[in-house]
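The values are calculated or read from the model by the stated rules, or taken from the named source; none is laboratory data. What you are looking at is a predicted structure, and each value in this text was computed from that prediction instead of being measured. For neighbour counting, all protein chains shown are included, and Cβ atoms are generated from backbone atoms with ideal geometry for every residue, glycine included. All accessible areas refer to the heavy atoms of the entire protein, side chains included, with ligands and DNA or RNA removed. Shrake-Rupley method; radii C 1.70, N 1.55, O 1.52, S 1.80 Å.
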Protein chains: 2
Amino acid sequence: MQNRLTIKDIARLSGVGKSTVSRVLNNESGVSQHTRERVEAVVNQHGFSPSRSARAMRGQSDKVVAIIVSRLDSRSENLAVQTMLPAFYAQGYDPIMMESQFSTERVEEHLQMLSRRNVDGIVLFGFTGVTQELLAVWQSSLVLLARDANGISSVCYDDEGAIRILMENLYARGHRYISFLGVPHCDITTGKRRHDAYLAFCQQHHLEPRSVLPGLGMKQGYEHVAQVLSPNTTALLCATDSLALGASKYLQEQRIDNLQLASVGNTPLITFLHPEIITVDPGYAQAGRQAAAQLIDQINDRASPRQIVVPARLV
Amino acid sequence: MQNRLTIKDIARLSGVGKSTVSRVLNNESGVSQHTRERVEAVVNQHGFSPSRSARAMRGQSDKVVAIIVSRLDSRSENLAVQTMLPAFYAQGYDPIMMESQFSTERVEEHLQMLSRRNVDGIVLFGFTGVTQELLAVWQSSLVLLARDANGISSVCYDDEGAIRILMENLYARGHRYISFLGVPHCDITTGKRRHDAYLAFCQQHHLEPRSVLPGLGMKQGYEHVAQVLSPNTTALLCATDSLALGASKYLQEQRIDNLQLASVGNTPLITFLHPEIITVDPGYAQAGRQAAAQLIDQINDRASPRQIVVPARLV
DNA sequence: CTGTTAGCGCATTCAG
DNA sequence: CTGAATGCGCTAACAG
């Protein structure tokens, strides 16, 4: 990259002082309409844009945020990141990506590196093991996704709501023997909350609950569905799309095709493979948007940490 | 973020001049062992790290690269990015992410933004429509993935090799009626090259080719497999995992289970759903590593643009 | 070998 | 309303 123009050049070219150019660039008041227009003309004409680094050094903020996903190939996180990126770019923030791979040590390493790098903020996709003391330092410049923690911002999915919607739907369709395939309770959100919501609905409607909580992989779904199937089971509710995928493989192999599937996830894959499945969209896209917005607000001191829950929606 | 230490503080704390600290930080020669150690001690003790922005301003390089994926939820690209990230971080580069969504206009926008931001380099996942004139300006600081273009660096997959390996394998297993499900030729690599390799093998072994090239989505696979199935077909070769996924859905619905499936992709999903499938790993992981390495070498003028092909491997 | 000096491009006083 | 001067943290060129 060759010699870029500087604010000084623009000043010379438009016959004003450097500071005037600076004022125009930052939309500051105190510049006559006439001068402003002339400077803007020169700026546009040369496609000038001020040096990030110089600005950062002066300011404090390098306008860089980090997004720490658990895994790059997580469908749900992809959907959230997809809406997050444009939101950050629109505000002039460069998002750098990191992968935690569900390891708290990795998160710690990344956080440390980010603190050195002086990033403005962080969006962290939470998982079991990510505790608030780990994040305490970042409190004011971090948004946790899919998990909540005391004192720090978070954007969570409405686990109870998602399950309730699905159960109501299944119930309305006449199903009375609905089994549940879920995730262990050590996973608070996807595990405990969704399972509890299932149990609550069953109790409220005098249904006999029947559930197993093997984990969140396809494989677990495949290997453990059998345990919740009884002769009178008519519907199967899965806590995640991955579980549903695994379960569906088993069902197909066993030629069981009279079971109504339902799951929370709404990822494109499951919808393609099973158009007849009933799914709830936890609101990944909205969560991404909100997380970005909240983080930016916090960075600019326009908001304090707060817990956000995005609504689930039947599709 | 509170007041961070500066190089000046470290200088004062260790009783030397600023430039000496700078020399130590940059591992420059011309510093006595004794002084170096003392400075390093102070640096470590305070966990000091120099300001990126200040460095960038002085040096030109902000040590930032961009990764432009086509879609965040592309399995293959995920696998490549997964190895790329650590490679960049290891060399002190911050990778910022962008999504092209297969739109050349988006690529153009992003490229323009990146030129303003003065990034050091770019990894771009290519697709049909990405031409060399678009990239010409970046020539020396761009690595194209999965596609090649004149004069610019690229890391490609061995499309011919991948197909040949699979065909040889199928042939060796006794299959003589092998159908092909592929992608239109307007997609040079995944489309034309793979199809041509299939045709070449057929001709060479006097097999009757039978193929259809609907596209690269699951849906296309699902809707068009039927066209290549004849009573004597014993094997089906798919140009991508997505196609295989779509095809397999159709096969399952039609209760056709005497067909040997093969595909190039090796994504975890297909292997889970169809353990019996024969797949070739195009080398996504290695491609990511290589792309990062090549880009870094180019940035540091340790390499000129070159075309790399990663080998395919039967799994 | 080491300290001093002078900018890099910008935002921010401070005078006009 | 506007321009000149100052310094952010760092590296490079220059003296000791």
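A few points about this structure:
- B:Phe180 long-range amide H proximity, modeled H, under 5 Å: B:Arg210, B:Ser211, B:Val212, B:Leu237
- In the elastic network of chain B, a GNM with C-alpha springs shorter than 10 Å, the most mobile of B:Gln260, B:Gln101, B:Gln204 is B:Gln204.
- The amide H of A:Phe127, built 1.01 Å from its N in the peptide plane, has no neighbour under 5 Å, considering only residues 5 or more places off or on other chains.
- Relative to the current alpha-carbon distance between B:Tyr171 and B:Ala54, full extension at 0.36 nm per residue lengthens the span by 36.0 nm.
- Couplings 3J(HN,Hα) of region A:27-40, computed from phi: 6, 7, 7, x, 9, 5, 3, 4, 4, 4, 4, 5, 4, 4 Hz, in residue order, whole Hz [Karplus 6.51 cos²θ - 1.76 cosθ + 1.60, θ = phi - 60°; x for Gly and Pro].
- Over chain A: helical MRE at 222 nm, DSSP H runs n ≥ 4 each giving -39500 (n - 2.57), nearest 500: -13000 deg cm²/dmol
- Taking Cα atoms only, the orientation of helix A:159-172 departs from the longest principal axis of chain A by about 40 degrees.
- Label-point gap, in nm, between A:Thr271 and B:Asn150 - each point 7 angstrom along Cα→Cβ: 4.3
- Of all the options A:Phe125, A:Phe272, A:Phe88, the one that moves most in a Gaussian network model of chain A with Cα springs shorter than 10 angstrom is A:Phe272.
- Inter-label distance, B:Tyr250 to A:Phe102: 3.5 nm, where each label sits 7 Å from its Cα along the C-beta direction.
- Of A:Pro275, A:Pro86, A:Pro305, the one that fluctuates the most in a GNM where chain A has Cα springs shorter than 10 Å: A:Pro275
- The candidates B:Thr131, B:Thr267, arranged from most to least accessible area with a 1.4 Å probe in the full protein assembly, appear as B:Thr131, B:Thr267.
- Note, ³J(HN,Hα) from phi for region A:261-266, Karplus 6.51, -1.76, 1.60, rounded to Hz, x at Gly and Pro: 8, 8, 7, 9, x, 6
- Along its principal axes, chain A has C-alpha extents of 86, 38, 36 angstrom, given from the largest down.
- Between A:Asp9 and B:Asn300, the FRET efficiency from the beta-carbon distance, with R0 = 25 Å, is close to 0.30.
- Solvent-accessible area buried by B and A, counting both chains, probe 1.4 angstrom, square angstrom: 4500
- The trypsin sites (Lys or Arg not before Pro) of region A:242-297 that meet both conditions, a loop assignment by DSSP and at most 13 other Cβ atoms within 10 Å of the site Cβ, are A:Arg255.
- Here the contact order of chain A, divided by its residue count and restricted to Cα pairs under 8 Å and six or more residues apart, works out to 18 percent.
- Nearest-20 debye value, region A:159-281 charge dipole, Cβ charges on Lys, Arg, Asp, Glu: 160
- For region B:1-69, the set of GluC sites (Glu not before Pro) satisfying both a DSSP loop assignment and a count of at most 14 other C-beta atoms within 10 Å is given as B:Glu28.
- Between amide H atoms placed 1.01 Å from N, distances below 5 Å from A:Ala66 occur with A:Ile96, A:Gly121, A:Ile122, A:Val123, all of them 5 or more places distant or on a separate chain.
- Portion, in percent, of the accessible area of region A:1-119 that falls on carbon or sulfur, probe 1.4 Å: 45
- Greater than 28 Å apart at Cα, pairs in A:Lys192/B:Lys249; A:Lys249/B:Lys192; A:Lys8/A:Lys63; A:Lys192/A:Lys219; A:Lys219/B:Lys192; A:Lys8/B:Lys63: A:Lys192/B:Lys249; A:Lys249/B:Lys192; A:Lys219/B:Lys192
- Seen from A:His110, the other residues with C-beta closer than 13 Å to its C-beta sum to a net charge of -2, counting Lys and Arg as +1 and Asp and Glu as -1.
- Relative contact order of region A:111-178: 22 percent, from C-alpha pairs under 8 Å at least 6 residues apart in sequence.
- For region A:159-281, the fraction of 1.4 Å probe accessible surface lying on carbon and sulfur atoms is 50 percent.
- Gyration tensor (alpha-carbon) shape descriptor, region A:159-281, a/c threshold 1.5: rounded
- The long axis of helix A:284-299 is offset from the longest Cα principal axis of chain A by roughly 40 degrees.
- A Förster radius of 25 Å, combined with the Cβ-Cβ distance separating B:Cys186 from B:Glu133, puts the computed FRET efficiency at roughly 0.85.
- Along region B:303-315 the Karplus relation, 6.51 cos²θ - 1.76 cosθ + 1.60 evaluated at θ = phi - 60°, assigns HN-Hα couplings of 7, 9, x, 7, 9, 10, 10, 8, x, 8, 9, 5, 10 Hz to successive residues, with x for each Gly and Pro.
- Region B:36-178, relative contact order in percent, only Cα pairs under 8 angstrom and at least six apart counted: 19
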